[in-house]
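I have placed the structure first, in the form of structure tokens, so that the comments after it can refer back to it.
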């Protein structure tokens, strides 16, 4: 079985689903012959033709609005925003139509679409190519916001996103697109969209994260283990609708929680998790909840960007603070 | 001088403001006077419906309502030219087109009366049309996406969208006609130019002499018609639909009309436009000319007009009663359609609201 990267897993999932469901199609800028700027759609146009792998005019609003129309007509479009930072023109179509079509028509019309975007920083990209803004979507009712953190989860979650009867935002952490390979059987098996994944069991502190920061969280857990501290690591994976129960169960066990995310701190999705912990797990907590996040600044251009990103050291320090507190 | 491109925009009119026929080459449908009477009757019922809606709003039985007064020829012309299998993506005042396609007045009242079920059109072909689209021009891209789906599946169907003169300024409109041109999509975009985008007049909406010519930039067939002349609107629509259906591409039609009423019941147009202009608008309104023409042909008269108005009144009264008798949805309906199935996390919020209900909050 082939070892593949996260980006190759995205391609594998798209190819699998397009081969098995004629209504699945891909549209976006440069997704055709060029295979996408990150090669997520490499080889798909040759296999499935120019209409099912459609190079659109260079207008994100068009991509999003046409996707809504396609989906209402029974297609299952997978639209690509070339970078997360280019997604803003799509937001009216996503928020006002994709996310609310089912509700506003009492289920008469629906939008079974996926909006994919390479997400986050850390690849020395130009300005506007490194945004982490998932929290802008987690506050929109009617959307699923999904972020894979490994090749296997990219494959299984993308299949689930395409098969889901409602719109899914699928944010791909591009920093780990090619970070490592693993075996991902091309068996068409989807992963559930309503659970958080516990990647490592632990007893002293819970590290809650998603996307590229799963890497830092796992490395921090190694570092903490070397210091005799047992960290549980949770990949939220599907931010909304949130499987809070998995997080709550972990924190009830450990009594401590560090939330790690790349987006700015204020009103980031970590704030929601911290608030839920305060509401539902206050008496299980042995220490204040810590958040290790990007700052309330724009992500700097790449000379400074790694200073902005949550680092292993910051995560380890935060975890140790929770242990020092009790 | 070398010319890179040249274009002209045809203006189409059959009936002038008084109902005098200004050209002899009547399209086939207009030679069927029985059909023309049917179109007139729907225009009249649309006007009766509109007056009833405004009366409902003024008596507190409807929320804000967007009137279609003066747009009857444009809207009925659009709706009557489409086939059932086509798809319509309206903005929010095209009732004449929608009534033709099976939207019921009670559904319009429900929507403007604060009930999502108004968007759940029960009758075909409206049932597969898009619901009203308040965010300006966004529906144009839904029509373009629908047209793309038809092309991909090889279906001989056309997607039609309508926007206003203001809507033709928005990127979504340009995006829709642009991809329609680039991909040769079966899209018909009708700009119902009623001269006003709330308080902003046509002349500062765009420097283009016609709005139709925006379609030229996208590579679409483009035409301007007298939007108060239903024969012109219907003819341009039939031609555009035929071109689209036979794979010859999309069209932009500018139907020039006039908004005789306020933008919505929440607007007071006296704040920004003069009485004379509105009087001039009434001189050119769409009902009078078609009535005059039909009367001259001997197929319509005052007695028929009164009898049909009375029928419309009865129809609308029934619709109003059906609307007013509709029970408010249970509070759980707020949660039931967010996703195909209510997620566990959302179910907790629903259960909380339901618990408040049982406590009588």
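The values are calculated or read from the model by the stated rules, or taken from the named source; none is laboratory data. Because the structure is predicted, anything quoted here is derived from the model rather than measured. In this analysis, Cβ positions are derived from the backbone assuming ideal geometry, glycine residues included, and neighbour counts consider all displayed protein chains.
Counting only helices (runs of 4 or more DSSP H) wholly contained in region A:44-129, the ones carrying 2 or more residues that are more than 8 Å from chain B (Cβ to nearest Cβ) occupy A:44-52, A:60-72.
Of note, residue B:64 does not satisfy the criterion of being over 14 Å from residue B:132 (Cβ atoms) and surrounded by fewer than 24 Cβ atoms within 10 Å (Cβ to Cβ). Against the condition under 14 Å from residue A:73 (Cα atoms), at pLDDT 95 or above, assigned to a loop (DSSP other than H, G, I, E, B) and out of contact with any helix residue (DSSP H, G or I) (no Cβ under 7 Å at 6 or more places or on another chain), how does residue B:124 come out, does it pass? Considered against the rule, which asks whether it is under 14 Å from residue A:73 (Cα atoms), at pLDDT 95 or above, assigned to a loop (DSSP other than H, G, I, E, B) and out of contact with any helix residue (DSSP H, G or I) (no Cβ under 7 Å at 6 or more places or on another chain), residue B:124 comes out as no.
If the condition is being assigned to a helix (DSSP H, G or I), surrounded by fewer than 18 Cβ atoms within 10 Å (Cβ to Cβ) and in contact with a helix residue (DSSP H, G or I) (Cβ under 9 Å, 6 or more places away or on another chain), then region A:16-38 contributes only A:19.
The residue list B:114, B:96 contains one member that is surrounded by 21 or more Cβ atoms within 10 Å (Cβ to Cβ) and more than 10 Å from chain A (Cβ to nearest Cβ), which is B:96.
Taken over region A:233-256, the criterion of being within 11 Å of residue A:197 (Cβ to Cβ) and touching a residue at least 40 places away in the same chain (Cβ under 8 Å) is satisfied by A:235, A:236, A:237, A:238, A:243, A:246. Going residue by residue through region A:131-142, is there one that turns out to be within 14 Å of another protein chain (Cβ to nearest Cβ), buried (at least 20 other Cβ atoms within 10 Å of the Cβ), on the phi > 0 side of the Ramachandran plot and outside any helix (DSSP H, G or I)? Yes; the residues of region A:131-142 include at least one that is within 14 Å of another protein chain (Cβ to nearest Cβ), buried (at least 20 other Cβ atoms within 10 Å of the Cβ), on the phi > 0 side of the Ramachandran plot and outside any helix (DSSP H, G or I). Kindly check whether there is at least one residue in region A:3-13 that is within 14 Å of chain B (Cβ to nearest Cβ), at pLDDT 95 or above and surrounded by fewer than 19 Cβ atoms within 10 Å (Cβ to Cβ). The answer is no; no qualifying residue exists. Screening region A:209-267 for strands (runs of 3 or more DSSP E) wholly inside it with 2 or more residues that are within 14 Å of chain B (Cβ to nearest Cβ), at pLDDT 95 or above and touching a helix residue (DSSP H, G or I) at 6+ places or on another chain (Cβ under 7 Å) returns the ranges A:238-240. Just to be sure before I move on: is residue B:88 in contact with a helix residue (DSSP H, G or I) (Cβ under 9 Å, 6 or more places away or on another chain) and either surrounded by fewer than 24 Cβ atoms within 10 Å (Cβ to Cβ) or in a loop (DSSP other than H, G, I, E, B) (or both) in the structure I sent? For residue B:88, the condition - in contact with a helix residue (DSSP H, G or I) (Cβ under 9 Å, 6 or more places away or on another chain) and either surrounded by fewer than 24 Cβ atoms within 10 Å (Cβ to Cβ) or in a loop (DSSP other than H, G, I, E, B) (or both) - is not met.
Can we say residue A:41 is buried (at least 24 other Cβ atoms within 10 Å of the Cβ) and within 14 Å of chain B (Cβ to nearest Cβ)? Spelling it out, it is not the case that residue A:41 is buried (at least 24 other Cβ atoms within 10 Å of the Cβ) and within 14 Å of chain B (Cβ to nearest Cβ).
For every residue, the table says whether it meets (1) crowded, with 20+ Cβ neighbours inside 10 Å; (2) under 15 Å from the mean Cα position of the chain (by Cα); (3) within 14 Å of chain A (Cβ to nearest Cβ).
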{"site": "B:35", "(1), (2), (3)": "no, no, no"}
{"site": "B:38", "(1), (2), (3)": "no, no, no"}
{"site": "B:102", "(1), (2), (3)": "no, yes, yes"}
{"site": "B:105", "(1), (2), (3)": "yes, yes, no"}
{"site": "B:110", "(1), (2), (3)": "yes, no, yes"}
{"site": "B:136", "(1), (2), (3)": "yes, yes, yes"}
{"site": "B:139", "(1), (2), (3)": "yes, yes, yes"}
{"site": "B:146", "(1), (2), (3)": "yes, no, yes"}
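For region A:268-302, the candidate set comprises residues that are away from chain B (no Cβ under 14 Å) and without any contact (Cβ under 8 Å) to a residue 12 or more places away in the chain; within that set, the residue that is farthest from the chain's Cα centre (by Cα) is A:283. Given the criteria modelled with pLDDT of 95 or more, over 15 Å from residue B:160 (Cα atoms) and in the same structural domain as residue B:30 (by TED's automatic domain parsing), does residue B:83 qualify? In short, no.
Exactly one residue out of B:244, B:240, B:255 is under 16 Å from the mean Cα position of the chain (by Cα) and either at pLDDT 95 or above or not assigned by TED's automatic domain parsing to the domain that holds residue B:215 (or both): that is B:255. Output yes when any residue across region B:321-334 is within 30 Å of residue A:164 (Cα to Cα), outside the structural domain of residue B:229 (by TED's automatic domain parsing), crowded, with 17+ Cβ neighbours inside 10 Å and without any contact (Cβ under 8 Å) to a residue 24 or more places away in the chain, and no when none is. No: region B:321-334 contains no residue that is within 30 Å of residue A:164 (Cα to Cα), outside the structural domain of residue B:229 (by TED's automatic domain parsing), crowded, with 17+ Cβ neighbours inside 10 Å and without any contact (Cβ under 8 Å) to a residue 24 or more places away in the chain.
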